[in-house]
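To keep things clear, I will list the structure first and then write my remarks on it.
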Amino acid sequence: MKEIKNNQYHPETLSVRAGSEMTAFGENSEALFLNSSFRFNSAAQAAARFGGQEAGNIYSRFTNPTVTMFQNKLAALEGAEQCVATSSGMSAILATVMALCSAGEHIVSSRSIFGTSTQLFGNILKRWGLQVTFVSQTNVTEWQAAVTPKTKLFFVETPSNPLTEVCDIQALADIAHQAGAHLVVDNCFCTPAIQCPLELGADIIIHSATKYIDGQGRCLGGAVLGSKALMEPVYGFLRTAGVTMSAFNAWVFLKGLETLFVRMEAHSSRALALATWLEAQPQVSRVYYPGLASHPQYALALKQQTSGGGIVSFEVKPKASQTPQQAAWALIDATQLISITANLGDAKSTITHPATTTHSRITAEARAEAGIRDSLVRIAVGLEHVDDLKSDLRL
Ligand SMILES: *Cc1c(COP(=O)(O)O)cnc(C)c1O
């Protein structure tokens, strides 16, 4: 097998070709290694592997060839020196914080992050002595003001879920670096097919591979990417704590990455068509989609992203007898085709009511502050024909 040099090819080519390491059998599709441990030729070789003097596989909690191929492919796509694959997107975030922060230290996070990430920071990690300040997704002066001498990480997700607010990665990276902190970007909504945060100045990328990297709603997984120096403690945490990606899931994600660019183009073009149509519907009061000229950060989105991505949110106007929640639920319940589920990044379009699902565990005040209203509906646009999606919404 000839070596694929990452700077020699376009990202689309790397998504198909990078990271593959074939065995002696000459298979043309990456093999699935379903074994927990690896044997050594001698006691001396075992010692060299464990001591790190010799590269090679030891035990699948922290070295597995299929997982390694997935890590190398994703690293090539994000332009990262190293990728650490994890059991889920949440364990990718946990591993990052556990590796890079200690009790008494401080994180500045956007208020508009994934609901479970807010729980992890605001409830669980707080009990272990980590201070977290939640600030505006879009107002950089709040980030600057929140910095303390103990600040280690800035954490952001762009575009955000569910309101698709775009933050200025370059501006936040500059503030983080002046404070001696690192900027972490959850790149789940865009994937490297649409946005490369490291090129914009971010230090660490988080992925929930569960979403677009899989692309067909099969497996849970995550990843952390960055420089070798930053990934060393993250890998050390994974090796010890065991938040490992299974080899089977890595094999599914490897196949998912091969089609990432064509899928993301198709998700984005359908989402743009649906968002444009929604904006013209009298029963819709507002549409949130970074690919629309009406989006408050449209210019910034154009600069950072190659397209708007697959997530469209909108507010339904309640009829005279309805509360906003009833209006949103009625629209969701009337669908026949679109799946009612909170997952996203699937070939099947999904629809959800963020206030009572993904964001139901945060307080009503926090939801109001984040702008997540009861009339809000989120659609993760899949790969069906857009006309069928429009008819299914019955607007
Ligand atoms: C789903 C999601 C996560 C968590 O990923 P899991 O794989 O479900 O643990 C983190 N961030 C974002 C933006 C997500 O959408």
Reduced Cα scattering model of region 17-174, Debye log10 I(q)/I(0), q = 0.14, 0.15, 0.16 Å⁻¹: -0.88, -0.94, -1.00
Inter-part distance where region 159-192 and region 24-56 are each reduced to a Cα centre, Å: 37
Aspartates and glutamates whose Cα lies under 20 Å from that of residue 255, excluding same-chain neighbours fewer than 8 positions away: 3, 12, 21, 27, 30, 78, 214, 265, 346
Value of relative contact order over the chain, rounded to a whole percent, pairs C-alpha under 8 Å and six or more apart: 17
Per-residue Cβ neighbour rank within 10 angstrom, fewest leading, 374, 387: 387, 374
Distance in nm between pseudo-label sites at residue 265 and residue 218 (7 Å out along the Cβ direction from Cα): 2.3
Packing-based exposure ordering (other Cβ within 10 Å, fewest first) of 10, 177, 182, 207: 10, 177, 182, 207
Cβ-derived FRET efficiency at R0 25 Å, residue 330 paired with residue 361, nearest 0.05: 0.55
Nearest 10 degrees, 0 to 90: helix 89-100 Cα axis against the chain principal axis: 60
Ratio of the Cα radius of gyration of the chain to 2.2 N^0.38 Å, where N counts its residues: 1.01
Amide proton proximity set for residue 135, modelled H, under 5 Å, gap of 5+: 109, 110, 111
Net charge dipole size for region 262-393 [Lys, Arg +1 and Asp, Glu -1 on Cβ; Debye, nearest 20]: 200
Within region 19-64, GluC sites (Glu not before Pro) in DSSP loop having at most 10 other beta-carbon neighbours inside 10 Å: 27
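Taken together, the values in this text are just the output of simple stated rules run on the coordinates, not laboratory data. As the structure is a computational prediction, the values presented were derived from the model and not from experiment. Every residue, glycine among them, receives a Cβ derived from its backbone with ideal geometry; neighbour counts consider all protein chains shown.
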